[in-house]
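Read-outs: derived from the displayed coordinates by stated rules, not from any lab. Predicted model, so just to flag it, every value in this text is computed and none were measured. Cβ placement follows ideal geometry from the backbone for every residue including glycine, while neighbour counts extend to all protein chains displayed.
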Amino acid sequence: MTQLSEHLTLQEFIHSDTATKNGINNELPPELLSTAINLAVSLFEPVRELLNAGISVDSGYRCPALNQLVRGVPSSQHCLSLALDLVPVGLSIRDAIKLIISSGISYDQLIEEGTWLHISSIVNAPEKNRHEILLTTDHKTYQHLTKEQALASL
Ligand SMILES: [Zn+2]
């Protein structure tokens, strides 16, 4: 088993029931391995430690065929190894968002997507992170929140 970081394996990062069911080979391209490791070390581990909870990884890397099948946006950061869909165990997604935005963890987008939390970071150039907080219920329209709005209303 290949570890990307202490608590995230490559297998978890590329696992997808949809890919398996549809015969899609969702292997990580070798050129994205260092980005995946960077994401695991600089985003996943700090978030895991902050939330102090179990975290199930719903989706990490998506090859273009898988991304198309799950109707991800073509520019999805999942295809670049820059995003994770997480489900905290024993903690609501909104509480997780509030903890993350109050911490010093650098992120590009945090999206409450119903039953999971999408989090991304431009790990190879973190100065480009936009620190966007978004909510969606239909995965088509997104409501932007400022940090202050998120802390007050979530
Ligand atoms: Zn996502």
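If exposed GluC sites (Glu not before Pro) are those in a DSSP loop with at most 14 other Cβ within 10 Å, what is the longest stretch of the chain that has none?
In the chain, the maximal stretch lacking such sites is 28-154.
Grab the DSSP H runs of the chain that are 4 residues or longer, score each as -39,500 (n - 2.57), total them, divide by all residues and round the 222 nm result to the nearest 500 deg cm²/dmol.
Mean residue ellipticity, 222 nm, calculated: -7500 deg cm²/dmol.
Give the angle, between 0 and 90 degrees and rounded to the nearest 10, that separates the Cα long axis of helix 93-102 from the longest principal axis of the Cα atoms of the chain.
Between the helix axis and the principal axis of the chain, the angle is about 70 degrees.
Name the residues whose placed amide hydrogens come within less than 5 Å of the amide hydrogen of LEU86, ignoring near sequence neighbours (fewer than 5 apart) on the same chain.
ASP58, LEU117, HIS118, ILE119
Which of the aspartates and glutamates could a cross-linker span from LYS98 if the Cα-Cα distance has to be under 14 Å and same-chain partners fewer than 8 positions apart are dropped?
Partners found: GLU112, GLU132, GLU148.
Using a basic spin-label model with each label point 7 Å from the Cα along Cα→Cβ, how many nm lie between ALA65 and GLU49?
For the pair ALA65/GLU49, the computed spacing is 3.9 nm.
For THR9, list long-range residues whose amide hydrogen, built 1.01 Å from N in the peptide plane, is under 5 Å from its own amide hydrogen.
For THR9, the qualifying residues are LEU4.
Ranking request for peptides 81-87, 69-75: highest mean number of other beta-carbon atoms within 10 Å first, then the rest in descending order.
81-87, 69-75
Two-decimal Rg/Rh of region 3-153 from alpha-carbon positions, Kirkwood Rh?
Reported Rg/Rh (Cα atoms, Kirkwood Rh): 0.94.
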